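Undergrad: Quick one: this structure, given as structure tokens, is what I'll be asking you about.
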Amino acid sequence: MGGSVKGIALLGSTGSIGTQTLDIVRSFPDDFRVVGLAAHRSFDLFSSQAKEFRPRLVSCDNNGVGVASLKEFGCQESSLEAMVLDDEVDLVITATVGGVALEPTIAALKAGKNVALANKESIVIAGEYLTRLAKEHGASFLPLDSEPNAIWQCLRGENRAIERLIITASGGAMRHVSAEELANVTPEQALKHPTWKMGPKITIDSATLMNKAFEVIESHWLFDVPWNQIDVLIHPQSIIHSMVEFEDGSVKAQMSPPDMRMPIQYALFYPNRMKNGKLPRFDPIKTGALTFEKMEPERYPCFVLAMEYGRRPGTWPAALCGADEAAVDAFLAGKLRFVDIAPTLEKVMQSHEAIDAPTPEQSLEAANWGSQRVVSLLEDV
Ligand SMILES: NC(=O)c1ccc[n+]([C@@H]2O[C@H](COP(=O)([O-])OP(=O)(O)OC[C@H]3O[C@@H](n4cnc5c(N)ncnc54)[C@H](OP(=O)(O)O)[C@@H]3O)[C@@H](O)[C@H]2O)c1
């Protein structure tokens, strides 16, 4: 059904997306061979994954100790780039957080390999470059993130004629919190997402709606749709993952319970659809009303800021992305208040000296610069 066995390299195997990807692989043992696994610090989990899936190539920093102890499972240490370029790897899955996956993504695309993209930061950092590279080398991005994945599904079989993309947002954990209460929001409160279970960085980005801005940027690049034809709408139930309105006024929506394994499986098996009894089913009666609200930009200053800087060409989006990563880290570490994330990012962006048409190295440097600027601003306080 799924065709021949697909060799995969999974970057970020121990995270929220990584573990859910392996859950899909576990459900279809005859369809995938795990050739490479990469993670960073969660060595116990990584080690149990290596034992179960027996990847030939592995990478895990493991607090500087590395992966020598995994030799007994037939694993050998590899760089991320060598892993994605391995002959047995047909599909690369980027499920790391931040900019780590950018260089291996470039290597994979240059080798004409498809990339199942969860890691939206890499496309924010270098969207123009990556999409051009994919075209030049006949490679494709398979969007794994639920909103771009929904748009991808809606566009399937269509001859474009797109009027607008409508990206839905749950509104995040802070949707009902008053402006006064926002000043004292703790990381624990902000980490409680109403509908999705995700890693810490994206959960905070969802609370500020920075994540939604990143999805607008991601969708602009992946689907080649002008900025003014991409709208964001609050949809608290997270059942409709996004919609496409076509020129004739017809609107297609992709719906399913909020479970990332759904878009992950779609991307892994594309263009086939597979039955998987482990995935929840949509029950319209139990779900009840699906509601929509206007997104109030004044409640989400990070979204407004990201739309200002993230749409600019050159290194602006990269600097924003790096700064956001450091600001979220600082918030999670109790060093920055929730309400100070946006003003801190604004300060950083105002001092950015952008480079036009950057190389990927310059984009990564801009992201690092953004992170460093946040750190030094916080040290100066
Ligand atoms: N979670 C979701 O539902 C969701 C939905 C859509 C898109 N995304 C996107 O998917 C990406 C991953 O999100 P997540 O929520 O899964 O994050 P997460 O739970 O924090 O997991 C991040 C993963 O990246 C690994 N990693 C970090 N630094 C690394 C390095 N230097 N080398 C190799 N691996 C490294 C981590 O390894 P260790 O744990 O071993 O340190 C972990 O496996 C993000 O870009 C996010 O925006 C996530």
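Undergrad: Compute a Gaussian network model of the chain, connecting alpha carbons closer than 10 Å, and tell me which residue from G172, G66, G370 fluctuates the most.
TA: Looking only at G172, G66, G370, the biggest GNM fluctuation is shown by G66.
Undergrad: Let me ask something else. Sequence-distant or interchain residues sharing an amide H contact under 5 Å with G7, placed H: which?
TA: Under 5 Å from the amide H of G7 lie the amide H atoms of R33, D90, L91, each far enough along the sequence or on another chain.
Undergrad: Further question on the same structure: Between rounded, prolate and oblate, where does the chain land on the alpha carbon gyration tensor, with a ≥ b ≥ c its root eigenvalues, rounded for a/c under 1.5, else prolate if a/b exceeds b/c?
TA: On the way: a/c = 1.40, a/b = 1.14, b/c = 1.23.
The shape class here is rounded.
Undergrad: Assign one of three labels to the range 176-315, namely rounded, prolate or oblate, based on the Cα gyration tensor with a ≥ b ≥ c the square roots of its eigenvalues; rounded applies when a/c is under 1.5, prolate when it is not and a/b is larger than b/c, and oblate otherwise.
TA: On the way: a/c = 1.59, a/b = 1.19, b/c = 1.33.
It is oblate, given that a/c is not under 1.5 and a/b is not larger than b/c.
Undergrad: Further question: For a 31 Å ceiling on Cα separation, which of these pairs sit above it: K212/K335; K6/K110; K6/K197; K192/K286; K135/K192; K135/K212? Intermediate results must be reported in sequence, preceding the final value.
TA: On the way: K212/K335 24 Å; K6/K110 19 Å; K6/K197 28 Å; K192/K286 23 Å; K135/K192 39 Å; K135/K212 25 Å.
Among K212/K335; K6/K110; K6/K197; K192/K286; K135/K192; K135/K212, the Cα-Cα distance tops 31 Å for K135/K192.
Undergrad: So which trypsin sites (Lys or Arg not before Pro) in the range 243-285 pass both tests, a DSSP loop state and at most 15 other Cβ atoms within 10 Å of the Cβ? Write down the numbers at each step before the final one.
TA: On the way: sites: K252, R261, R273, K275, K278, R281; in loops: R273, K275, K278, R281.
Loop-located and lightly packed - R273, K275, K278, R281.
Undergrad: Whole-Hz ³J(HN,Hα) for each residue in the range 182-190, computed from phi via Karplus 6.51 cos²θ - 1.76 cosθ + 1.60 with θ = phi - 60°, x for glycine and proline: what do you get?
TA: Going residue by residue, I get 4, 4, 10, 5, 8, x, 4, 5, 5 Hz, with x marking Gly and Pro.
Undergrad: The range 159-175 to the range 245-295: how many Å between their Cα centroids?
TA: Between the Cα centre of the range 159-175 and that of the range 245-295, the gap is 13 Å.
Undergrad: From the square roots a ≥ b ≥ c of the eigenvalues of the alpha-carbon gyration tensor of the range 6-143, which class results: rounded (a/c under 1.5), prolate (a/b over b/c), or oblate? Working shown, then result.
TA: Working: a/c = 1.76, a/b = 1.52, b/c = 1.16.
The shape class here is prolate.
Undergrad: Now for a separate question. For the chain, list the DSSP H helices whose alpha carbon atoms reach 20 Å or more along the long axis and whose average Kyte-Doolittle value is -1.0 or above? Mind dumping the intermediate values first?
TA: Working: long enough: 120-136 (21 Å, -0.09); 316-332 (24 Å, 0.85); 360-380 (30 Å, -0.52).
The qualifying helices are 120-136, 316-332, 360-380.
Undergrad: Here's something else I'd like to know. Could you work out [θ]222 nm for the chain from helices alone, using -39500 (n - 2.57) per DSSP H run of at least four and dividing by all its residues? Round to the nearest 500 deg cm²/dmol. Walk me through the intermediate numbers first.
TA: Working: 16 runs with 166 residues, N = 381.
Calculated from helices alone, the mean residue ellipticity at 222 nm is -13000 deg cm²/dmol.
Undergrad: Among T94, T359, T21, which one shows the highest mean-square fluctuation when the chain is modelled as a Gaussian network with alpha-carbon springs under 10 Å?
TA: The residue that fluctuates most here is T359.
Undergrad: Taking the chain as a Gaussian network, where each spring joins two C-alpha atoms under 10 Å apart, which residue of G36, G64, G310 fluctuates the most?
TA: G64
FYI, it's all coordinate maths here, none of it is from the lab. Here the structure is a predicted model, which is why all the values come from computation and not from measurement. So basically every Cβ, Gly included, is an ideal-geometry build from the backbone, and we count neighbours across all protein chains shown.
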